[in-house]
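A quick write-up on the structure given underneath.
The values are calculated or read from the model by the stated rules, or taken from the named source; none is laboratory data. Since we're looking at a predicted model, the values are computed, not measured. Cβ placement follows ideal geometry from the backbone for every residue including glycine, while neighbour counts extend to all protein chains displayed.
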Amino acid sequence: MSTSIEHANKTVAASAARNPSGKGPRLGHGRFVHVWFLAPAVLALLAIGTYPTIFAVVTSFHQYNLTRVRDGFPFVGYANYVSVLGDSSFWNTLLTTLEFFLVVMPIEIVLGFVIASLLHREGLGFLRSVARVTLVVPLATTYAVVGLVGRLLFNQDFGVLTQAFRAIGLDIDWLGSVGGAFAAIAIMDVWQWTPFCALIFLAGLTMVPGEIEEAARLDRASGLKLFWHIQLPFLLPGLTSLLILRSADILKLFDMIFTMTRGGPGSATELISIYIQRIGFRVFDLGTASAQAILLLILTIVLSRLYIRFLYREASA
Amino acid sequence: MKTNPLLRLGHLVGLILIIVFMLFPFYWMLASSLKSQADLLASPPVFIFKPTLEHYAEIFADEKVTLAILNSFIVAISTTALALLLGAPAAYALARFDFRGKKDIWFWFISNRMISPIVLALPVYLLARNLNMLDSHIVLILIYLTFNLPIVVWLCTDQFAGIPGELEQAARVDGAGTFTIFARIYLPLALPGLAVSAIFSFIFSWNELLYALILTRRAAQTAPVIATSFMSGYELPWGKIMATGSVIVLPVTIFALLVSRHMIRGLTMGATK
């Protein structure tokens, strides 16, 4: 009995040696069997992802204004792209998006690192695990609800944060002024995404070999030296992915801002996704909005190429 | 090892601050949903108040709200089931077969996750409008696959790749075909990965606002859309808004706590190793 299994194993091993992928000629083991497994998902994604994208490209070459259906939807060539690229409000929106990234990212990184260090430090085991679990709460909170809560917290008349800031001498018209609204959405973003940074850094810190960290502490290396020479190399891969993932997120950011400020006052908090939504669904100029969306897509593709090059290359190597 | 008591105190205070910072907006939402209108509008804000369930009674009596919550469940559960049905076999192929272009297909799946929803929302709105399919569950269920399929494929490829290949060889010897091996051996062993990806898929679908806002009107409106719709007029019904918000957030928070160990994997799609 056992010998026959051994024999069978040998046969399998031998056939596997002839055919490195281990696929024999038997029924259901054909060369293209993987196609049957992949086809449903690939076809679905082509239908719901790729086909609409192509449709958007086509739309972007037409005048497509739903408030002027009577004009029809004539082909206009590059006209939409020319007008978008020459439109200062489009560039201002991209600039606001970049500013937002540059404001929230450093805060989230520094706070995230501080939190990760506190969670990594030995002692107070129970409190540490409670704190670690609470990090999940902001990450899971529905983005739209974060915006609604933000609107309550920063309400001019009875918002608890408005009053708290007033108590320390910062009397700001949070949602009604240009700077205030920008700061308010930034604060809500910091609340929601700092835990993400903290968890990534925590994962990096746990990869530092315990002996090395211990040896450095015994040598009375200063906290700064410990950070710079020992922890930082383990944190850098996480930091790179953070920057790229968060930049893609901020290009997508819509729900929280929409419920909190709708991009206002004026266009103070109008990030790129909010802006395109307004042109498409409040002005109903879908041709122009499609051209903007395609430009955004190109930007995203450039970013995701970077993402794949920097991040997955290491993972697959 | 003895630690400096001052450092220990600092550590303690720091950890408590983290907990307060993370929970405060969540706590404030729950507390506000339990306050009477007078307490809600009180200035300075009140921390000690007599809780009331009147706002919850109001929203659960409102058919629009209960319908929206039901819609959210229908959409999130259907799209999750569909993502697993399509994604699990694809993940199996990517994990266990060698073929040309495998890496490219994998990248293509993953990179769909990066696309901003507004890029797809415009054409999908026009296509659904032309097909008279605006305000239906099916459009949301399908469009949510654009972010759910990548997450299922990513997490399950990882899971299938972690199962030893000898099982396949042993089953082959017993004469089992490829599909039997997949369905009878690998699928059951991959259940933990399937469960985690199902939970993520549910959370992302449940939380989604942009597509739902654009593609639904009344019949298929989801919970985040109805919560947002209360934000108009001068006198905002804050109690009602916060009660709806709490009802939306509670189920996903519970799910997220279940997968908290996998949170980073789910959110980064394995970009950090």
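If you scan the stretch B:164-184, which residues turn out to be at the interface with chain A (Cβ under 7 Å from one of its Cβ atoms), surrounded by fewer than 17 Cβ atoms within 10 Å (Cβ to Cβ) and assigned to a helix (DSSP H, G or I)?
Kept after step one, since they are at the interface with chain A (Cβ under 7 Å from one of its Cβ atoms), are these residues of the stretch B:164-184: B:169, B:172-173, B:177-179.
After this cut, where a residue has to be surrounded by fewer than 17 Cβ atoms within 10 Å (Cβ to Cβ) as well, the list is B:173, B:177, B:179.
If the condition is that a residue be at the interface with chain A (Cβ under 7 Å from one of its Cβ atoms), surrounded by fewer than 17 Cβ atoms within 10 Å (Cβ to Cβ) and assigned to a helix (DSSP H, G or I), then B:VAL173, B:PHE179 are the ones that fit.
When you go through (1) within 30 Å of A:SER129 (Cα to Cα); (2) surrounded by 21 or more Cβ atoms within 10 Å (Cβ to Cβ); (3) aromatic (Phe, Trp, Tyr) one by one for B:PHE255, which number turns out not to apply?
Failing condition for B:PHE255: (2).
Restricting attention to the stretch A:279-298, does a residue exist that is in contact with a His (Cβ under 8 Å, 6 or more places away or on another chain) and buried (at least 20 other Cβ atoms within 10 Å of the Cβ)? First the steps, then the outcome.
Here is the first cut: in the stretch A:279-298, the residues in contact with a His (Cβ under 8 Å, 6 or more places away or on another chain) are A:287.
Retained after the next criterion (residues that are buried (at least 20 other Cβ atoms within 10 Å of the Cβ)): A:287.
Taking every residue of the stretch A:279-298 in turn, at least one turns out to be in contact with a His (Cβ under 8 Å, 6 or more places away or on another chain) and buried (at least 20 other Cβ atoms within 10 Å of the Cβ).
Given the stretch A:126-189, what helices (runs of 4 or more DSSP H) lie entirely inside it while holding 2 or more residues that are more than 8 Å from chain B (Cβ to nearest Cβ), over 27 Å from B:LEU257 (Cα atoms) and not polar (S, T, N, Q)? Write out each step before concluding.
Details: elements: A:136-140, A:143-153, A:160-167.
Filter on the stretch A:126-189 gives A:160-167.
Yes or no, residue by residue, for (1) farther than 30 Å from B:ALA227 by Cβ; (2) out of contact with any helix residue (DSSP H, G or I) (no Cβ under 8 Å at 6 or more places or on another chain):
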position: B:PRO5; (1), (2): yes, yes
position: B:GLY10; (1), (2): yes, yes
position: B:LEU15; (1), (2): yes, no
position: B:ALA57; (1), (2): no, yes
position: B:THR79; (1), (2): no, no
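For the stretch B:205-228: of the residues being of a type in the set (Val, Ile, Thr) and at the interface with chain A (Cβ under 7 Å from one of its Cβ atoms), which is farthest from B:LEU70 (Cα to Cα)?
B:ILE214
For the stretch B:21-47, which positions are at the interface with another protein chain (Cβ under 9 Å from one of its Cβ atoms) and part of a helix (DSSP H, G or I)?
B:PHE21, B:MET22, B:LEU23, B:PHE24, B:PRO25, B:PHE26, B:TRP28, B:MET29, B:SER32, B:LEU40
Pick out the one residue from A:GLY159, A:GLY169, A:GLY150 that is within 28 Å of the chain's Cα centre (by Cα) and over 30 Å from A:PHE227 (Cβ atoms).
Working: A:GLY159 fails: within 28 Å of the chain's Cα centre (by Cα); A:GLY169 fails: within 28 Å of the chain's Cα centre (by Cα).
One residue alone meets the criteria, A:GLY150.
Could you list all residues from the stretch B:141-153 that are crowded, with 20+ Cβ neighbours inside 10 Å, within 11 Å of chain A (Cβ to nearest Cβ) and part of a helix (DSSP H, G or I)? If you could, list the steps in order and put the result at the bottom.
Just the residues of the stretch B:141-153 that are crowded, with 20+ Cβ neighbours inside 10 Å, to begin with: B:141, B:143-153.
Now drop any that are not within 11 Å of chain A (Cβ to nearest Cβ), which leaves B:141, B:143-150, B:152-153.
Hits for the stretch B:141-153 are B:ILE141, B:ILE143, B:LEU145, B:THR146, B:PHE147, B:ASN148, B:LEU149, B:PRO150, B:VAL152, B:VAL153.
Name the residues in the stretch B:34-58 that are among the hydroxyl-bearing types (Ser, Thr, Tyr) and out of contact with any Leu (no Cβ under 9 Å at 6 or more places or on another chain), would you? Give the steps one after another, and end with the answer.
We begin by selecting, within the stretch B:34-58, every residue among the hydroxyl-bearing types (Ser, Thr, Tyr); these are B:36, B:43, B:52, B:56.
Scanning the stretch B:34-58 gives B:SER36, B:SER43.
Is it the case that the stretch B:226-245 has a residue that's under 16 Å from the mean Cα position of the chain (by Cα), hydrophobic (A, V, I, L, M, F, W, C) and under 27 Å from B:SER78 (Cα atoms)? So that I can check it myself, show each step before the final result.
Residues of the stretch B:226-245 under 16 Å from the mean Cα position of the chain (by Cα): B:245.
Next, from what is left, pick out any that are hydrophobic (A, V, I, L, M, F, W, C): none.
Taking every residue of the stretch B:226-245 in turn, none turns out to be under 16 Å from the mean Cα position of the chain (by Cα), hydrophobic (A, V, I, L, M, F, W, C) and under 27 Å from B:SER78 (Cα atoms).
Report the residue count in the stretch B:64-90 for those that are away from chain A (no Cβ under 11 Å), out of contact with any Phe, Trp or Tyr (no Cβ under 6 Å at 6 or more places or on another chain) and surrounded by 24 or more Cβ atoms within 10 Å (Cβ to Cβ).
Result for the stretch B:64-90: 2.
Here is a list: A:VAL57, A:VAL110, A:VAL103, A:VAL84. Which entry is assigned to a helix (DSSP H, G or I), under 20 Å from the mean Cα position of the chain (by Cα) and in contact (Cβ under 8 Å) with a residue 60 or more places away in the chain? Please lay out each step first, then the result.
On the way: A:VAL57 fails: under 20 Å from the mean Cα position of the chain (by Cα); A:VAL110 fails: in contact (Cβ under 8 Å) with a residue 60 or more places away in the chain; A:VAL84 fails: under 20 Å from the mean Cα position of the chain (by Cα).
Checking each option against the conditions leaves just A:VAL103.
When residues of the stretch B:105-140 are filtered for being closer than 23 Å to B:ALA220 by Cβ and part of a helix (DSSP H, G or I), how many remain?
Total meeting the criteria: 18.
Quick test of your reading of the structure: A:VAL69 fulfils all but one of (1) within 11 Å of chain B (Cβ to nearest Cβ); (2) modelled with pLDDT under 95; (3) in a helix (DSSP H, G or I). Name the failing condition by number.
The failed condition is (1).
Determine which single condition B:LYS50 fails, assuming it passes every other condition in (1) part of a helix (DSSP H, G or I); (2) more than 8 Å from every other protein chain (Cβ to nearest Cβ).
So B:LYS50 meets the others, but not (1).
I need a count of the residues in the stretch B:86-104 that are assigned to a helix (DSSP H, G or I) and out of contact with any helix residue (DSSP H, G or I) (no Cβ under 8 Å at 6 or more places or on another chain). Reasoning before the result, please.
Residues of the stretch B:86-104 that are assigned to a helix (DSSP H, G or I), as a first pass: B:86-96, B:102-104.
Among the residues that remain, those that are also out of contact with any helix residue (DSSP H, G or I) (no Cβ under 8 Å at 6 or more places or on another chain) are: B:104.
The qualifying residues number 1.
Scanning the stretch B:91-109 for residues that are at the interface with chain A (Cβ under 8 Å from one of its Cβ atoms) and crowded, with 21+ Cβ neighbours inside 10 Å, which turns out farthest from A:LEU38 (Cα to Cα)?
Only one residue tops the list, namely B:PHE109.
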